[in-house]
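Asks: One structure follows; several queries about it will come next.
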Protein chains: 4
Amino acid sequence: MSNTFGNIFRLTSFGESHGKGIGGVIDGFPAGIKIDFDYIQAELNRRKPGQSSLTTARQEDDKVEFLSGIFEGVSTGTPIGFIVWNEDQRSGDYDSMKDIFRPSHADFTYQQKYGIRDYRGGGRTSARETISRVVAGALAKLALDQIGIKVYAYTSQVGHIKLEKDYTSYNMNDIEKNAVRCPDLSKAKEMEALILKIKEEGDTIGGTITGVIKGCPVGLGEPVFEKLHAALANAMLSINAAKGFEYGSGFNGVEQRGSEQNDVFITEHGYITTQTNHSGGIQGGISNGQDIYFRVAFKPIATLLREQQTVDMEGKETVLAAKGRHDPCVLPRAVPIVEAMAAITILDYYLLAKTNRL
Amino acid sequence: MSNTFGNIFRLTSFGESHGKGIGGVIDGFPAGIKIDFDYIQAELNRRKPGQSSLTTARQEDDKVEFLSGIFEGVSTGTPIGFIVWNEDQRSGDYDSMKDIFRPSHADFTYQQKYGIRDYRGGGRTSARETISRVVAGALAKLALDQIGIKVYAYTSQVGHIKLEKDYTSYNMNDIEKNAVRCPDLSKAKEMEALILKIKEEGDTIGGTITGVIKGCPVGLGEPVFEKLHAALANAMLSINAAKGFEYGSGFNGVEQRGSEQNDVFITEHGYITTQTNHSGGIQGGISNGQDIYFRVAFKPIATLLREQQTVDMEGKETVLAAKGRHDPCVLPRAVPIVEAMAAITILDYYLLAKTNRL
Amino acid sequence: MSNTFGNIFRLTSFGESHGKGIGGVIDGFPAGIKIDFDYIQAELNRRKPGQSSLTTARQEDDKVEFLSGIFEGVSTGTPIGFIVWNEDQRSGDYDSMKDIFRPSHADFTYQQKYGIRDYRGGGRTSARETISRVVAGALAKLALDQIGIKVYAYTSQVGHIKLEKDYTSYNMNDIEKNAVRCPDLSKAKEMEALILKIKEEGDTIGGTITGVIKGCPVGLGEPVFEKLHAALANAMLSINAAKGFEYGSGFNGVEQRGSEQNDVFITEHGYITTQTNHSGGIQGGISNGQDIYFRVAFKPIATLLREQQTVDMEGKETVLAAKGRHDPCVLPRAVPIVEAMAAITILDYYLLAKTNRL
Amino acid sequence: MSNTFGNIFRLTSFGESHGKGIGGVIDGFPAGIKIDFDYIQAELNRRKPGQSSLTTARQEDDKVEFLSGIFEGVSTGTPIGFIVWNEDQRSGDYDSMKDIFRPSHADFTYQQKYGIRDYRGGGRTSARETISRVVAGALAKLALDQIGIKVYAYTSQVGHIKLEKDYTSYNMNDIEKNAVRCPDLSKAKEMEALILKIKEEGDTIGGTITGVIKGCPVGLGEPVFEKLHAALANAMLSINAAKGFEYGSGFNGVEQRGSEQNDVFITEHGYITTQTNHSGGIQGGISNGQDIYFRVAFKPIATLLREQQTVDMEGKETVLAAKGRHDPCVLPRAVPIVEAMAAITILDYYLLAKTNRL
C-alpha cells in the first residue's frame, strides 16, 4: 500500500539498488501528449551519479527504457511502464553489511518490520529508488509545460552557508550553471568548497532545497484533507533524507504578527492579486495564482567514509568499516528529485480540479 | 476526494461554521474498544472556544452526539457517525463579508474554485472544522492507549518566545497546567503575556507546537511513498494555519555533519536502541521504537480586530471592518488538534502494519 | 475501509436499523448544482416502507435532513452531510434475537468477524442502510439530468413470472404505475398477486431488476480494472440480497456465436453507432454511446413469518419465532436503490473521464 | 486511475499486445513468503496460447522475469516488479486495422475516449493484458496455500453444453485432464467437439466458468460497500469478454422461496455450520467458512475468421477481412485467469480482515 503516489496521475514504483533495475508504472497520464524522450533522459542525467566532483564517483548510465503506454511518440492514456536497468554493481562490497545495522539507515527498521531485507546497497531504501520519480516527474513537466506551469528547485543552503535572499532575487536559469545547483553564483562557490572539504574528511553535510512553481492557475488543492501544501509536504518528505518542509512564510513567519503577514488583495491589470506573497501561493489549501514556493530540509547522508560504531543483528557491538563510493552531500542530485515530486503533485491536482464542477 | 483522511482508520468530515453542525464518519475503527464518552468530551473541551482569556470570547458548548457504530458502550466495527451541533451563531455578523475577500483567508480561492462559497464565518474553511478531527483523535487515543502508545503536544514557541530545551527536559503532565499549554511554566507566563498584549492591539501572532509520541512499536510506516513522517507531515499541514513541519533534527540538523547526526546503535537491556535520537524515532520512514517527535509552524491568524485594506468580488478596493470575536493566537487551541491528527495517523499505520506479514 | 463508495463522487455512509439514524457524507459532488429537495424526498419515499400492500406495514417517515454542503439551495463543492432519523422502533422486539443466528442473515458472520454485533433489527446489516444510497443517488440524478443522462430501473422478474421482452419494448414512464414497479402492466398484476399469496403464506420470494441508462456519452469507464460494467457490478452487488449481475447479452449470450452477437458498426445521421446492442452500451469497459442495460438478481428475503430451525451463539439448536413486520419481496423497494447505485456510479465515472486528457 | 487492483495486496499492470511486453508491480505482498518460480511459470503456461488445438496457433513462450521484491527466493515486502517480454509479433498484420473499428471490440471506445489508440493487436485491450493477472494470482495462491485456502475454476458451459450438476459432484483434480478444463470428462468431450466445429466455421462461442474457493476462514469481506461477493464480481467483470457474475444460488435462486433458500444453521463436530449452502459461502458480504462458489459468463470472442461489415474512422462502410490467429472460445484459457483474480481478491481481503480488531 505504499509504493503508489498520486490520485489521478499515479506513479507505482519498484526496484532495489542491486536488483535488476529501478522502474515503475505511470497511470493516469493524459492521453495525447507528445513525449520528448531526450528531455526525459536529460532530466535523469541531472540525477545520475558521477556528474561532478561533488557527487559519488560511481558511474551509471541510467538510461530509461519505456515499455508501454506510448504509441508513435504520443501518450495513449494507457499505463506507461518503464525501467532503468541496474548495471554491474559491486554487490560483493556489501557482504559485510549483511549482519550489520548501519547507523541512521533503515537496515534495522526494515529487518524488524519485514523479517528480511535485501542488504545490498540498501536495497529498496537506496536513493536509486528516486530514479522512478524523476522519470514520472519529467513526464509531468511535459504535460505542465502545455498549460504554462513551470517547476524549479535549487540548493538554498549547504551546512551553514545559506542564501539570505528569497527566490525572487534570482534567475532560475542560473541554477544549472554550477554543480551545486544554486542560482547565487557566489554562494554556490562557497557551497562547493564546503562540500569538497567535507568529502575529504570522509564526512557528509545537510542543506535545504527551495522549490518554486510558476504559472499555476487558481484552484488547485482539495481541502480539507488534501490541501495543496499538505500534498507537497507529503511528496517532499517521501524523498530520502528529507527532514522538514515549509511553504510561504514557513517557520520564520511564526514570529510575525498578522498585520505584518497578511497578504493584502489588490487589483492589477484587471486581475485580483496580492501585494505580498507570505501565503506562498496557497490560501486555504488552494492555489491562488501567485508563485508557489517552499523549502525542504535534508539531513547529512548517513553513509560516512569513516569507521562508525554500531551493532550487528544479534545486538553485539561492532565497527562499520568505511567503504564504497558515496555522495558527501545529497543536495545537488536532490534538486531534480524535488522538482519531479512537485511536478507530479501539481499535475495530479490539476487533473483533480477538473472534477470540481460538472 | 478531499474530506476523507486515512487508509484503514478513516475520518470523513463535513460541516460549516454556520451550518447545522460539524460532524463526520469514522470508519475502520477496531471492533471491541470500550468507548469512554467523558474522555472524548474532555478532549473536545480542550479545543472549544472561551476556555481562557487567551482565546475568543465566543461560548460554544460543542457537545458531541454519536449516531452509530457503538453498541452498549463498545465499538462494533461499523462506521461511527457523529455530530456537534452549531449553536445560535450571529450569522448576521457576516453579511458584510458576502462580497469581500478577507486577506490571507480562503474566500478568494474557494470562490474561484467552486464559483460559490458559504461566506458565513468562513464556512467550510473555519477552524470549527477541526472539531471532527478532535473527536476522531480521541477515539484513536482510546485505542492507542490499549497498546501503550501515548500522544502529546505542547506550545513550544509563541512569536519570538521559544523553548530552548527539547521535549525530554519537560514533564508532559505540566502541559495542561497553563492556558497556553506549554510545559515550561516560566516561558508559559511570557507567552501568555505576549498573547494578551497582541490581543489588546487587535493583532495576532504565530508560533510552533511540538508533538511527541511515546511507546510506538518498531515497524510503523509504509515506504517508499507512505513513510511515517510523510504521513505525519500531511496530517499536520492539513490543519488550518499550519505552514511547516519538521521531525527529529529537522531544519536545524541541516547544518550538522553526518558524524554528528548519525544515531549510533547500542544494545541496552538486551534490546537494540540508539544512543541519540536525531532521527526522531523514524528511520527510512519506519518507526524504530524511539520517541517520535516533530514540530509544526503556525502562522498568525488572518482575522484581525483592525481595519484592513482589501478588494471585493468585483476587484474594487474596499476596507474590511474589524469585528467578530476571534483568537489572537491559534496555538493554545491547536494543541489538542495536533495531538488528534497524530493519534489518527499512528492508529492508521498501526493497523496497516498488521498486513505486512501473512 | 468499507463504508465509502466511489472515486471522485463518494458516499460514506453510517447508521444502524435501531440506532439514532441512517446518514452519510457525500464528497466530490460538483459545485454549483441547484438542489431540488422535494425531488430527493420523493426518491426516498419510493424506498420507504408502508407504501403499498406489497411491502412491510412498518410506517417510517424517512425525512432527510441535510447538514452541510448546500448554501442557499446550491451545492458548494464541500461535503454534504445528511441524516434520516430513526423513529421510535420496537427495539424490544429484538431481544429474543440477541443470542440467535438467523438463517441466511449476517448475524453469524458479523459476530465472528467483529466479536460483537448490534442485533436490534439487524443493526448495520438492515436494508435501512440503503437510505443513504438513495439520498446520494438522488443528488447524482440531479447532476446527471443537467448532462442529459437518465437512469431507470424496473422489476423484470418475480419468482417464475418473468418479462419475456427486453427494455426497448416498454415505456419507462409506466414503471411507477403499479406497486411492483414493472412497466409490463399485465405481468405486473401477476407479480402482485404472487407476492400477496407468498405473503399470506409467511414466505418470501426473489426476482430480478433491470437497469437502463440512457444518454450516457461515449468514454465512461477506466479500463483495465475499473471497467464501467465492473463498477456497475460492484455497485449492484453491494445492495442487500443481490446475488448476480449481468449486462448486455449477459448469461444468455454465452450460447450464441460471435457472428450472432457482434454489434456491427454503422453510420446513422452522420454518427457512428451499432446495429444491435448485445454489448449493453459498453465495449472494452467503456461506454459507447448506446443505452446501457443490465440485470440484477435478488434472492428471497431471509426473514420469514414462519418458525425456522437454527442455533444460538453457543451452537445449541433452537427455533426462531416468526415475528416482526417484513417485506415478502425485496423487489418493489429495491428499484430506487438500483437506480441510485447506477446514478452514483455513472456520475463518478463521468467526473473521472474529465481527467483523461489535459 | 484504472490499472491498479486491490486495497492492500495490489496489482498495477501495464503493457500492450504488440509493445515491448506485459508486466506489472505487485505491492503489499506479505514479506517472508518463499517464491516457487516453477509454479508461477506453470500457471502462466496454463494461460499461454498454442497449448492445444482448441486455442490459437500463436506460439508465445510467455516467460516471466521478476525485477524486484524477491531476495534469495523469498518475498521482502517491497514491490515485486515483473515483465513478460512480447516476442516477435507480426505487427504488419494489423496495418489494415489502423483505420477500422472492429465490431464488438474496444477500438471505437478507446479512439473516442483517448483520441488515439495502439491498434496493433488490440493494444492495451488485448487479452495478453491478463498475463499480469496470472502472475499476481500465482503469487497470491502461494500465500493462500500457507493458510489452507485453495482456489479452483473450471469450464462449466460452452455454448448450449452445460454441466447440470454443481461443483460438489466433481473432483477438482480432474479439471486439468482435458484441454477445455472441465471436470465432467464426458461433457468435456462434447465441449471440445463443439469448439472445434465452431473453429472450422470461422466462428466463436461463449460459455461460463465456475469458481470455487475452499478453506476460506470466516470473516473476509468489508461491508457495506466492499462485500466479498461484490469484490469478486468486480474482479471477474474486469476480465476481457466477461458479461455476468452470480454467486451461490445466483440468478436461478430468484425463483425460489425464502423457506427453500435459507441455509439453516446446525452444529457439527462442535462447529456452527449450515445445512445447505445457497449463500455461496458469503452472508452479509462476509465469508461464513463454507465453500465460496460463483459463476462467470463469457461472451463469444469478437474476432472472427470471417468477413464482417463495419465502418472506418470516417464512418464509411467497409469490410473487415478475416485474418490472424485467434481462439474460437475464450473459456479454456480463461480458467487460470478466473482463478488468478479470485486468489488476488481473497488474499487482499484476508489481509484487510487483519485490521478489524486491534
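Asks: Let me spell it out: the conditions are (1) crowded, with 23+ Cβ neighbours inside 10 Å; (2) farther than 28 Å from residue B:158 by Cβ; (3) more than 7 Å from every other protein chain (Cβ to nearest Cβ), and residue A:282 meets all of them except one. Which number is the exception?
Replies: The one condition residue A:282 does not meet is (2).
Asks: Would you check which residues across region C:285-301 are small (Gly, Ala, Ser), crowded, with 22+ Cβ neighbours inside 10 Å and within 22 Å of residue C:353 (Cα to Cα) and list them?
Replies: Listed by number, the residues that qualify are C:285, C:287.
Asks: Any residue at all in region B:190-199 that is under 25 Å from residue A:326 (Cβ atoms), acidic (Asp, Glu) and modelled with pLDDT of 95 or more?
Replies: No, region B:190-199 has no match at all.
Asks: Is one or more of the residues making up region B:194-203 part of a strand (DSSP E or B), more than 7 Å from chain A (Cβ to nearest Cβ) and closer than 21 Å to residue A:249 by Cα?
Replies: Scanning region B:194-203 turns up no residue that is part of a strand (DSSP E or B), more than 7 Å from chain A (Cβ to nearest Cβ) and closer than 21 Å to residue A:249 by Cα.
Asks: If I filter region A:256-265 down to residues being assigned to a helix (DSSP H, G or I) and crowded, with 21+ Cβ neighbours inside 10 Å, which single residue comes out as farthest from the other protein chains (Cβ to nearest Cβ)?
Replies: Checked region A:256-265; the qualifying residue farthest from the other protein chains (Cβ to nearest Cβ) is A:261.
Asks: Continuing with this model, one more query. In region C:311-335, what residues are touching a residue at least 40 places away in the same chain (Cβ under 8 Å) and either crowded, with 24+ Cβ neighbours inside 10 Å or of a type in the set (A, V, I, L, M) (or both)?
Replies: C:311, C:313, C:320, C:321, C:322, C:328, C:329, C:330, C:331, C:332, C:334, C:335
Asks: Across region B:106-132, what is the number of residues that are in contact with a strand residue (DSSP E or B) (Cβ under 7 Å, 6 or more places away or on another chain) and more than 7 Å from every other protein chain (Cβ to nearest Cβ)?
Replies: Adding up the residues that qualify gives 4.
Asks: Please specify each residue of region B:309-354 satisfying the condition of being more than 18 Å from the chain's Cα centre (by Cα) and away from every other protein chain (no Cβ under 12 Å).
Replies: B:321, B:323, B:324, B:325
Asks: Scanning for something touching a residue at least 12 places away in the same chain (Cβ under 8 Å), part of a helix (DSSP H, G or I) and buried (at least 24 other Cβ atoms within 10 Å of the Cβ), does region D:97-112 turn up at least one residue?
Replies: Checked against the condition, which is being touching a residue at least 12 places away in the same chain (Cβ under 8 Å), part of a helix (DSSP H, G or I) and buried (at least 24 other Cβ atoms within 10 Å of the Cβ), region D:97-112 yields at least one hit.
Asks: Further question: Condition test on residue C:138, is it surrounded by 21 or more Cβ atoms within 10 Å (Cβ to Cβ), modelled with pLDDT of 95 or more and either in a helix (DSSP H, G or I) or at positive phi (or both)?
Replies: Numbers: surrounded by 21 or more Cβ atoms within 10 Å (Cβ to Cβ): yes; modelled with pLDDT of 95 or more: yes; either in a helix (DSSP H, G or I) or at positive phi (or both): yes.
Taking the combined requirement at face value, the residue satisfies it.
Asks: Give region D:71-84 a look and list any residue that's in contact with a Lys or Arg (Cβ under 7 Å, 6 or more places away or on another chain) and either modelled with pLDDT under 95 or not in a loop (DSSP other than H, G, I, E, B) (or both), or say none.
Replies: Correct list: D:74, D:84.
Asks: Still on this structure, please answer the following. Evaluate the following for residue C:33: is it within 18 Å of the chain's Cα centre (by Cα), at negative phi and in contact (Cβ under 8 Å) with a residue 60 or more places away in the chain?
Replies: Taking the combined requirement at face value, the residue does not satisfy it.
Asks: Does region D:45-61 contain any residue that is within 22 Å of residue A:132 (Cβ to Cβ), at pLDDT 95 or above and either among the aromatic types (Phe, Trp, Tyr) or out of contact with any helix residue (DSSP H, G or I) (no Cβ under 6 Å at 6 or more places or on another chain) (or both)? Break it down into steps so the answer makes sense when it comes.
Replies: Of all residues in region D:45-61, those within 22 Å of residue A:132 (Cβ to Cβ) come to none.
No, that holds for no residue.
Asks: Output the number of the condition that residue C:154 fails; it satisfies all remaining conditions of (1) surrounded by fewer than 23 Cβ atoms within 10 Å (Cβ to Cβ); (2) away from chain B (no Cβ under 12 Å); (3) farther than 17 Å from residue C:6 by Cα.
Replies: (1)
Asks: While we're looking at this one, here's another question. Return a yes/no flag: does region D:47-68 have any residue that is within 20 Å of residue D:147 (Cα to Cα) and touching a Gly at 6+ places or on another chain (Cβ under 8 Å).
Replies: Initially, region D:47-68 is screened for residues within 20 Å of residue D:147 (Cα to Cα), giving none.
No.
Asks: Okay, moving on. Pick from region C:68-86 the residues that are surrounded by fewer than 24 Cβ atoms within 10 Å (Cβ to Cβ) and at the interface with chain B (Cβ under 7 Å from one of its Cβ atoms): which of them is nearest to residue B:83 (Cα to Cα)?
Replies: Applying the filter and picking the extreme gives C:71.
Asks: Now a separate question. Could you identify the single residue in B:297, B:342 that is outside any helix (DSSP H, G or I) and modelled with pLDDT of 95 or more?
Replies: Values: B:342 fails: outside any helix (DSSP H, G or I).
Checking each option against the conditions leaves just B:297.
Asks: Quick check: anything in region D:266-279 at positive phi, more than 10 Å from chain C (Cβ to nearest Cβ), in a loop (DSSP other than H, G, I, E, B) and at pLDDT 95 or above?
Replies: no
Asks: Ok, one more. Could you list, ordered by first residue, the pairs with Cβ atoms under 6 Å in which the first is in region B:145-156 and closer than 18 Å to residue B:289 by Cβ and the second is at pLDDT 95 or above and surrounded by 16 or more Cβ atoms within 10 Å (Cβ to Cβ), at least 6 apart or interchain?
Replies: B:149/B:216; B:150/B:214; B:151/B:213; B:151/B:339; B:151/B:342; B:151/B:343; B:152/B:212
Asks: Looking only at region D:22-58, which residues are buried (at least 21 other Cβ atoms within 10 Å of the Cβ) and either within 11 Å of chain C (Cβ to nearest Cβ) or assigned to a strand (DSSP E or B) (or both)?
Replies: Across region D:22-58, the qualifying residues are D:22, D:23, D:24, D:25, D:26, D:27.
Asks: Given (1) within 24 Å of the chain's Cα centre (by Cα); (2) at the interface with chain A (Cβ under 7 Å from one of its Cβ atoms); (3) surrounded by fewer than 24 Cβ atoms within 10 Å (Cβ to Cβ); (4) closer than 30 Å to residue B:146 by Cβ, where does residue B:248 come up short, assuming only one miss?
Replies: Unmet for residue B:248, out of (1) within 24 Å of the chain's Cα centre (by Cα); (2) at the interface with chain A (Cβ under 7 Å from one of its Cβ atoms); (3) surrounded by fewer than 24 Cβ atoms within 10 Å (Cβ to Cβ); (4) closer than 30 Å to residue B:146 by Cβ: (3).
Asks: May I ask you to list the residues in region C:286-302 that are in contact with a Cys (Cβ under 7 Å, 6 or more places away or on another chain) and either more than 9 Å from chain D (Cβ to nearest Cβ) or free of Cβ contacts under 8 Å to residues at least 60 places away in the same chain (or both)?
Replies: Correct list: C:292 only.
Asks: So, in region D:157-177, of the ones that are part of a strand (DSSP E or B) and among the β-branched types (Val, Ile, Thr), which residue ends up surrounded by the most Cβ atoms within 10 Å (Cβ to Cβ)?
Replies: Going through the qualifying residues, I end up with D:158.
Asks: Same structure again: Do you know which residues across region C:214-245 are in a loop (DSSP other than H, G, I, E, B), within 17 Å of the chain's Cα centre (by Cα) and facing chain D (nearest Cβ under 7 Å)?
Replies: C:238
Asks: Residues of region C:1-21 being within 14 Å of chain D (Cβ to nearest Cβ) and not in a loop (DSSP other than H, G, I, E, B), which ones?
Replies: C:4, C:5, C:10, C:11, C:12, C:13, C:14, C:15
Asks: If I go through region B:113-135 residue by residue, how many of them are outside any helix (DSSP H, G or I) and of a type outside the set (Phe, Trp, Tyr)?
Replies: 5
The values are calculated or read from the model by the stated rules, or taken from the named source; none is laboratory data. This structure is a prediction, so every number in the text was calculated from the model and none was measured. Note that each Cβ is placed from the backbone with ideal geometry, even for glycine, and that neighbours are counted across all protein chains shown.
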